[in-house]
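Visitor: There's a structure below that I have some questions on.
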Amino acid sequence: MKLIYSLLLTLWVFPTLAQQVPLTRSISSARRELDEWKRAHTSEEDTRQSLDLYEKLTNLYIEQSDSYDDSDGDLDSAYYYNDLHLKAAVALGYELAEADALTLKGRIAHLDLHYRESYLANYQAYNLYLKYPPDQCRYLFECLKRMGRIQYTTLEDYPQALRFFEKGEQISRTDEQRAFMLRQVGLCYRKMNKPKVAKQYFERALGLARKANRTYEIGMTLNFLGEIYERLGDTSRAIDLFHQAIRSDSSTITRSTSNLYLAQLSLRQGDARAAIGFAEAALRNARMESNNLADRAEALQYLAESYKVLGHFDKALEYHEQYKATNDSLPKNAGLQDFYKIMVESEREKLAEKQQEADRERKMKLWFVGAAVLFWGIGAMLFFLYRTVQKKKEEIALQKEKIEELNETLEERVESRTQELKQANEELIQKNREISEALVRGQTMERKRVAAELHDNLGGLLAATRMTIKALDPKNLTVREQEIYSEVLSMMGEAYQEVRYISHNMLPEELEKHGLVESLTRLVRVLNNGRGQTRFDLTVKGLDGRLSREVEFNLYNVCLELCNNILKHAEAQLAEIVVEKKQPKP
């Protein structure tokens, strides 16, 4: 058995390593080209050639990182060259190159699991691409694909996701790309409870996937098409499609999805034993993918329900507990959705402000043109009046009367315009205040979520690990091993305390309940109770009541960052924190 496992591991690892060799050679070659360019150009100004080399290296490092199954490859290098690519595009004024660099930045952030940065970069790239014809936008398909998936998966805005995917289908250059986009359109209609429309798109996607001979697209499209048939009442056709998906594609994701659908159908039909077989197959495939927790949780749920139907309550309870543990480890999107919505609204407002600024500039230009024409006309009229002054005395008198009337109403018009500008300014200040409050709410929500994740997940894991290590009997260890055992226990305890300290100080309860002074008092007390050599003193002057949430939030973060810097770098004996509220000078 060990020999077979070693052989399978070798067969899996060797192609991956063989795939890395050409990539490594290509990276080395591209870096040599960049070095030669730098030697040939003494100035630090970028050119089109350097821009292309930065993009080439960014793509190579992305491909290298994407080809690793359980590591992130060399994403730092991808970030580095992408940053050079983006700066060079901005410096040279190439908007399309800037959009390309932003799209690649979004892909790197997605590989690094930084989904907010990925969305923002793709959003900025998409708005730049809108200025140009689609055939000039090299990464527009990638941008639309990622924007649509984030709208579909994270924001659950299916109409907006549908617009991105339909645009992607229109600009697709290959059958594989069209098959992917049509499948995504079908998924949107499925979520919008339009199964008949979804069925049409899935069938079109299946035909293109078979034409392109892409087994993964074939398998997943068959699965979703089977689900649609089951919703429409054709169960036998649905089961046949699920089995076709298993035969068509050997990927673990396709097979886990097919077996989950079959397990669900078997349970509905009352065949618990068949459901157990399908659920176990789905669980085996899901466990082969380290990040496929959703399919793993669903398979465990079906196993628990099936054993409960059969009366095997011990096994049902065992699988139910596994299901709860796996389901609790799934990422929760509620906080992220709120943050994304705030971020999207902020970006839309920025774009609207830019559009308003452009409109104002156009109006100013039109005003200047109109004023120039007006002045020219007045000059011509005055010249004409000068030539005919003797004959047009009555007309001049009439003009004087009109001018006097205009002067009388001028002050009223100026006052009215001043009031309008004042009201517009007050509305703008109120809008900026609302945006600032929304950002603070988003930051506060995110800090709460991160603090909870640190305390509940990482803190619990550290505590469990320490209890597991303490279960060892140190008497059976050598002296050196006992020293290591003691050091490990001590380090685990320090790590647990550090996690608790970080999770609490990210957003302490005292800050929301009692305010800044109470939070800083507790912070100083915790710092002085630590083992550091620095003693902290807190002095508060003129701060009788509470400040706004935004001000207290920012002041607390500033103090926390300064204290951390003092502890890490200053080696001071005494540090004094002074918070003083001064009255404005008259």
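The values are calculated or read from the model by the stated rules, or taken from the named source; none is laboratory data. What you are looking at is a predicted structure, and each value in this text was computed from that prediction instead of being measured. Here the Cβ positions follow ideal geometry from the backbone for every residue, glycine too, while neighbour counts run over all protein chains shown. Areas reflect the complete protein model, heavy atoms only, side chains present, ligands, DNA and RNA absent. Shrake-Rupley method; radii C 1.70, N 1.55, O 1.52, S 1.80 Å.
Visitor: Is the C-alpha gyration tensor of region 148-241 telling us rounded, prolate or oblate? Criteria: a/c under 1.5 is rounded; beyond that, a/b larger than b/c is prolate, otherwise oblate. Intermediate results must be reported in sequence, preceding the final value.
Guide: Working: a/c = 2.14, a/b = 1.16, b/c = 1.85.
Verdict is oblate for region 148-241.
Visitor: Continuing with the same structure: Going by amide H atoms built from the backbone, whose H comes under 5 Å of the H on L547, apart from near neighbours?
Guide: It is L516, by chain and number.
Visitor: Using a 1.4 Å probe on the protein heavy atoms only, what accessible surface does K167 show? Give it in Å² to the nearest 10.
Guide: Accessible area of K167: about 70 Å².
Visitor: Starting from region 539-586, pick out the GluC sites (Glu not before Pro) whose DSSP state is loop and whose Cβ has at most 10 other Cβ atoms within 10 Å.
Guide: Values: sites: E550, E552, E561, E571, E576, E580; in loops: E571.
Counting only loop positions with at most 10 other Cβ atoms within 10 Å, the GluC sites (Glu not before Pro) in region 539-586 are E571.
Visitor: Provide W376, W367 ordered by accessible surface of protein heavy atoms (probe 1.4 Å), highest first. Walk me through the intermediate numbers first.
Guide: Values: W376 190, W367 155 Å².
The ranking, largest first, comes out as W376, W367.
Visitor: Shifting gears a bit: Quote to one decimal, in nm, the extra length available between A397 and D314 on full extension: 0.36 nm per residue of separation minus the C-alpha distance between them.
Guide: Numbers: separation 83, 0.36 × 83 = 29.88 nm, distance 10.79 nm.
Difference between extended and current length: 19.1 nm.
Visitor: Restricting attention to region 539-570, which trypsin sites (Lys or Arg not before Pro) occupy a DSSP loop and are surrounded by at most 14 other Cβ atoms within 10 Å?
Guide: On the way: sites: K541, R546, R549, K568; in loops: R546.
Passing sites in region 539-570 are R546.
Visitor: Please calculate the 1.4 Å probe accessible area of T257, with all protein chains present, and give it to the nearest 10 Å².
Guide: 20 Å²
Visitor: Something else: Tell me, in nm to one decimal, what length is gained between N565 and D83 on full extension, where the rule is 0.36 nm per residue of separation less the Cα-Cα distance? Mind dumping the intermediate values first?
Guide: Values: separation 482, 0.36 × 482 = 173.52 nm, distance 2.79 nm.
Stretched fully, the N565-D83 segment lengthens by 170.7 nm.
Visitor: Separate question: Ordering H320, H85 from largest to smallest accessible area (1.4 angstrom probe), what's the sequence? Write out the running numbers ahead of the final one.
Guide: On the way: H320 85, H85 0 Å².
The ranking, largest first, comes out as H320, H85.
Visitor: Using the Cβ atoms and a cut-off under 11 Å, what net charge is assigned to the surroundings of Y158, where Lys and Arg are +1 and Asp and Glu are -1? Before the final figure, lay out each step's value.
Guide: On the way: positive: R163, R190, K191, K194; negative: E156, D157.
Once positives and negatives cancel, what remains is +2.
Visitor: Which shape class applies to region 251-333: rounded if a/c is under 1.5, otherwise prolate when a/b exceeds b/c and oblate if not, where a ≥ b ≥ c are the square roots of the Cα gyration tensor eigenvalues? Before the final figure, lay out the partial values.
Guide: Values: a/c = 2.10, a/b = 1.25, b/c = 1.67.
Verdict is oblate for region 251-333.
Visitor: F375 accessible area, nearest 10 Å², 1.4 Å probe?
Guide: Probe radius 1.4 Å; accessible area of F375 about 140 Å².
Visitor: Semi-axes of the equivalent ellipsoid for region 525-579, please: Cα gyration tensor eigenvalues, times 5, square-rooted, ordered largest first, whole Å. Walk me through the intermediate numbers first.
Guide: Numbers: eigenvalues 107, 32, 17 Å².
Three semi-axes, in Å: 23, 13, 9.
Visitor: In region 373-436, what trypsin sites (Lys or Arg not before Pro) fall in a loop by DSSP, with at most 15 other Cβ atoms inside 10 Å?
Guide: Values: sites: R387, K391, K392, K393, K400, K402, R413, R417, K422, K431, R433; in loops: K391, K392.
Filter output for region 373-436: K391, K392.
Visitor: Can you give me the long-range amide H partners of V540? Hydrogens built in the peptide plane at 1.01 Å from N, cutoff under 5 Å, separation of 5 or more residues or another chain.
Guide: Amide H to amide H, under 5 Å and 5 or more residues apart or across chains, V540 pairs with V579.
Visitor: Also, quick follow-up: Averaged per residue, what accessible surface does region 251-333 expose to a 1.4 Å probe, in Å²?
Guide: Numbers: 4360 Å² over 83 residues.
Value for region 251-333: 52 Å² per residue.
Visitor: Something else now. For D135 and Y94 in one chain, what is 0.36 nm times their gap in residues minus the Cα-Cα distance, to one decimal in nm?
Guide: Full-extension gain reported as 13.1 nm.
Visitor: Continuing with this model, one more query. With r defined as the distance between the Cβ atoms of A372 and D52 and R0 fixed at 56 Å, what FRET efficiency is calculated, to the nearest 0.05? It would help to have the intermediate numbers written out before the result.
Guide: Working: r = 46 Å, r/R0 = 0.82.
Calculated transfer efficiency: 0.75.
Visitor: Looking at region 92-197 from every direction and averaging, what is the projected area of its Cα convex hull in nm²? Could you put the intermediate results ahead of the total?
Guide: Working: hull surface 27.4 nm².
The number I arrive at for region 92-197 is 6.9 nm².
Visitor: Additional query: Using every Cα-Cα pair within region 196-282, state what percent have a distance larger than 15 Å. Write down the numbers at each step before the final one.
Guide: Working: 2045 of 3741 pairs.
Taking all Cα-Cα pairs of region 196-282, the fraction more than 15 Å apart is 55 percent.
Visitor: Pairs K105/K211; K167/K194; K363/K392; K167/K199; K145/K431: which are spaced more than 26 Å apart, C-alpha to C-alpha? Don't skip to the answer; put the middle values down first.
Guide: Details: K105/K211 32 Å; K167/K194 20 Å; K363/K392 37 Å; K167/K199 20 Å; K145/K431 33 Å.
From K105/K211; K167/K194; K363/K392; K167/K199; K145/K431, over 26 Å: K105/K211; K363/K392; K145/K431.
Visitor: What distance in nm separates the two pseudo spin-label positions at I435 and E550, each 7 Å out from Cα along the beta-carbon direction?
Guide: Simple spin-label model gives 1.1 nm for this pair.
Visitor: Right, next: What do you reckon, how do S306, S416 stack up by accessible area (1.4 Å probe), largest on top? Please list the in-between numbers first.
Guide: Details: S306 0, S416 60 Å².
If we order S306, S416 from most to least accessible, we get S416, S306.
Visitor: With the cut-off at 16 Å, report for region 135-190 the share of all Cα pairs above it, as a whole percent. Let's see the in-between values first.
Guide: Details: 493 of 1540 pairs.
When every Cα pair of region 135-190 is considered, 32 percent fall beyond 16 Å.
Visitor: With labels modelled as points extended 7 Å from the Cα through the Cβ direction, what inter-label distance (nm, one decimal) is found for D74 paired with E481?
Guide: 4.1 nm
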